[in-house]
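Every number in this text was worked out from the coordinates using simple rules, so none of it is lab data. This is a predicted model, so every value here is computed, not measured. All Cβ positions, even for glycine, are placed from backbone atoms using ideal geometry, and neighbour counts span all protein chains on display.
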Amino acid sequence: MNAVALDRLAQHLRSQGLKAALLSSPATIAWLTGYAPPIQSGPSPFEAGPALGWWEDNRLTLVASNLESGAAKASGLRVIEYVGYTIDEPLAPTHNMARGLGELLKGRGTFRGKVGVELATLSAELLTRLGELLPQAGLYSLDGPLDGLRAVKSPTEIDRIRAVVRVCDQAQVYMRDHLHEGKSEIELWGELKGHLEVEIGARLAVLVDLVAGMRTAEIGGSPGGYRFRPGDPVMLDFVPRLDGYWGDNTDTRFVGRPKPELEKVRGAVREALHRGVAAVRPGLAARDLDRLMRTAIAEAGYPVYPHHSGHGVGVTYHEEPRIVPYNDLPLEPGMVIALEPGVYLPDVGGVRLEDVVLVTADGCEVLTHHLTSD
C-alpha cells in the first residue's frame with residue numbers, strides 16, 4: 001500500500017466534502033496499492049475490467065475477479081471476489097462484478113452525502129448499479145483531480161521508477177551495440193526484447209517506437225521489415241512497465257557513420273535537451289520549459305517538433321506534468337518527467353533524444369544514463 005497516496009486521496013476527498021469514493025481507473029488502483037494487473041494480452045473476456053476500489057472510513061476495498069483476487073490479496077488488500085472465469089455457467093463478468101459491488105455496498109441504501117466516482121473508466125452497467133445501491137447519494141466526478149494528485153511521487157514510487165528506467169538504459173545500450181547493416185527493425189526488436197526479458201526474468205510489457213532510415217522523419221512507429229543501410233539513423237523510444245510503473249527514454253543512433261546533416265541535427269537536439277534539463281527547478285511552469293526547448297530547436301534553424309516536449313511518468317506512461325504550450329502547472333520536488341525534443345526532416349530523417357529527470361529542491365537529478373557518453 002502507498003501510504004502517501006492514500007493520505008493524499010483522503011485529504012482530497014475531505015476537502016471536497018466526499019464521504020466515500022468508487023475508483024475504477026487501473027492507474028489509480030496501482031497508485032494507491034502498488035497492485036497492477038498484467039497487461040500483456042489486452043482486455044480479458046473473463047473480466048469486467050480492472051478491479052474497482054471502494055474508499056470509505058479511511059479503508060480501501062477492491063472488487064476483483066477470481067483471476068485477479070489472489071494477487072490482490074497477496075498484496076495485503078481486502079477483496080470482494082466475483083466470478084470472472086468459469087466452466088460452470090455462461091461468462092458474465094460485468095454482471096458478476098456488479099453483483100460484487102452490491103455485496104460490498106449491502107446495507108448502504110440509506111447512505112447520504114457525496115460520493116466521488118471515476119466515471120470515465122466505469123461502465124454504464126456499473127454506474128447504473130451504483131445509482132441503485134446508493135439512491136440518496138450525490139455522485140461527484142473524480143476524473144481529472146486525481147491525475148494532479150499523482151504528479152508528485154512518494155519515495156517508494158521514485159524507487160520503482162529508478163528500477164524501470166534502468167531497464168530503459170539497458171535497452172538503449174543493446175540497441176547501440178547491435179546496429180548492423182542488413183538487420184531489420186523487427187529483428188533488432190525481437191532480439192532486444194528477448195534479451196531484456198531473460199535479464200529481468202519475466203515478461204516485459206512495453207510500448208515502443210523503433211524505426212530506421214527515412215521512417216525516422218515520421219516521428220515514430222512500430223518496428224517493421226526495413227533493413228538497415230549504411231548511415232541510417234535508428235530511433236528507439238522505449239517505454240516499459242515494471243511492477244506497475246513506467247519508464248521512458250529515447251535515443252537515435254546510426255548504422256556506421258551518419259550523414260553530416262543528421263550528425264548536425266543530433267547535436268542540435270542534444271543541445272535542446274541539455275537546456276531543458278539545466279532549466280528544471282521547482283516553480284518553473286511546464287509551458288515555460290516547453291517553450292525553452294522549442295526555442296532551442298528554432299534557433300538552430302530547424303522546424304519545431306509537433307509533439308509534446310515532455311511528460312510525467314508513473315503508473316501511466318504519460319501523465320502530469322505535461323510539458324506542453326498550454327500547461328501553466330509549476331514543477332514541484334518529487335515530480336518525475338521525461339523530456340524529449342526532436343527534429344524531423346522529410347527526405348533526410350529524424351532525431352529524438354529523451355531523458356527522465358526527478359525534480360529536486362534545487363534543480364533535478366537525471367535518472368536515465370544512456371546519453372551520458374555523448
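Observations
- Principal axis box of the stretch 1-42, alpha-carbon based, largest edge first, Å: 39, 18, 9
- For the stretch 226-374, the relative contact order comes to 27 percent (Cα pairs under 8 Å, sequence separation of at least 6).
- Over the stretch 299-374, Cα pairs under 8 Å with separation of 6+ residues give a relative contact order of 24 percent.
- Whether the stretch 50-100 is rounded, prolate or oblate, judged on the alpha carbon gyration tensor where a/c under 1.5 counts as rounded: oblate
- The slack between THR61 and GLU103, meaning 0.36 nm per residue of separation minus the straight C-alpha distance, is 13.9 nm.
- Alpha carbon centroid spacing (whole Å) that separates the stretch 159-190 from the stretch 247-277: 16
- Ordered from longest to shortest, the equivalent ellipsoid semi-axes for the chain are 42, 25, 16 Å, each the square root of 5 times a Cα gyration tensor eigenvalue.
- In this calculation the C-beta distance from VAL198 to ARG257 is compared with R0 = 35 Å, giving a FRET efficiency of 0.65.
- VAL304-SER373 FRET efficiency (beta carbon distance; Förster radius 22 Å; 0.05 resolution): 0.20
- Take the convex hull of the alpha carbons in the stretch 148-220; its mean projected area over all directions comes to 6.7 nm².
- The chymotrypsin sites (Phe, Trp or Tyr not before Pro) of the stretch 301-353 meeting both criteria, a DSSP state outside H, G, I, E and B (loop) and at most 10 other C-beta atoms within 10 angstrom of the site's C-beta, are TYR326.
- Cα extents for the stretch 297-374 along the principal axes, largest to smallest and rounded to whole angstrom: 41, 33, 25.
- Fraction of alpha-carbon pairs over 18 Å apart in the stretch 74-148 - percent: 52
- Considering only Cα atoms, the convex hull volume of the stretch 189-267 works out to 104 Å³ per residue.
- Helices in the chain, meaning DSSP H runs of at least 4 residues, each add -39500 (n - 2.57). Divided by all residues, the mean residue ellipticity at 222 nm is -10500 deg cm²/dmol.
- Rounded, prolate or oblate (a/c below 1.5 giving rounded, otherwise prolate when a/b exceeds b/c) for the stretch 194-341 by Cα gyration tensor: oblate
- Considering only the chain, percent of DSSP beta bridges that pair antiparallel, nearest 5: 75
- Stokes-Einstein translational diffusion, the stretch 1-137 - Kirkwood Rh over all Cα pairs, 1.306 mPa s, 10 °C, in µm²/s: 104
- Rg and Dmax [Cα atoms of the stretch 224-268; Å; Rg one decimal, Dmax integer]: 13.9, 42
- Cα gyration tensor, the stretch 61-204 - rounded (a/c under 1.5), prolate or oblate: prolate
- Using C-alpha pairs below 8 Å separated by at least 6 residues, the relative contact order for the chain is 14 percent.
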